[in-house]
1. Pop out the ³J(HN,Hα) list for the stretch 120-130 in order, Karplus 6.51 cos²θ - 1.76 cosθ + 1.60 with θ = phi - 60°, rounded to Hz; leave Gly and Pro as x.
2. Relative to the longest principal Cα axis of the chain, at what angle does helix 2-26 sit, 0 to 90 degrees, rounded to 10?
3. Where does each of 27, 96, 9 land when they are ranked from fewest to most other beta-carbon atoms within 10 angstrom?
4. Kindly put 140, 2 in sequence by how many other C-beta atoms sit within 10 Å of each C-beta, fewest to most.
5. Would you work out if the chain is rounded, prolate or oblate? Take a ≥ b ≥ c from the square roots of the eigenvalues of the alpha-carbon gyration tensor; rounded if a/c is under 1.5, else prolate when a/b is larger than b/c, oblate otherwise.
6. Report the residue, chosen from 23, 101, 115, that carries the largest GNM mean-square fluctuation when the chain is represented by alpha-carbon nodes joined by springs under 10 Å.
7. Want the number for residue 83 to residue 115: 0.36 nm per residue separation, take away the alpha-carbon distance, what's left?
8. Sequence-distant or interchain residues sharing an amide H contact under 5 Å with residue 61, placed H: which?
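Read-outs throughout are calculated quantities, based only on the coordinates presented, and are distinct from any laboratory measurement. Because the structure is predicted, anything quoted here is derived from the model rather than measured. Positions of Cβ are generated from backbone atoms using ideal geometry, with glycine treated the same way; all protein chains shown enter the neighbour counts.
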Amino acid sequence: MKRYFSDLFVGGKSLVDGLVVTTKALFQPIVTVQYPREEIDITPNFRGHIDLILDPEKNTFRCIACGMCERSCPSECIQVKGKKVEGKKKKTLALFKLDFTKCSLCGTCVEICPTQALEFSNEYNLAAFSKEAFHYDILKRLEERII
Ligand code: SF4
Ligand code: SF4
């Protein structure tokens, strides 16, 4: 009989404890969102894949196709090519590709760029069925933003 009442007390206490926790949670601010219908603001320090920065004054890229990012990338996932344009002394960017499957988001390319032409994007919801889908044409992405 004593055991019966002891179990009853423990069970009742545990029920009350649970209800206290649930009631407290009811009045706390909601931190979850209904993804994908709702999305949260990404923090400024978030590192998505790298992107070329659009120079707002010239409405084009700042990259001078020096290749320093390509050479310094420890994962060898950047491919940069420049081309000579008639009438211009310096070459211009012709290709900028990234194999995001290899990128470790180390930031070396962003830091080393002499013209501050690279930044991390805030894209976090990336999903695909093939590795090739993560091979990005970064120059094309920028050109789409210019148009
Ligand atoms: S992004 Fe910067 S480091 Fe890379 S090729 Fe262009 S200018 Fe050079
Ligand atoms: S963040 Fe690091 S690994 Fe990724 S492309 Fe830049 S240098 Fe390479």
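1. 8, 6, 9, 7, 10, 9, 9, 8, 7, 9, 9
2. Relative to the chain, helix 2-26 is tipped by roughly 40 degrees.
3. Going from sparsest to densest Cβ surroundings: 27, 9, 96.
4. Starting with the residue having the fewest Cβ neighbours, the order is 2, 140.
5. Verdict is prolate for the chain.
6. 23
7. Extending this stretch completely gives an extra 9.7 nm.
8. Result for residue 61 returns 55.
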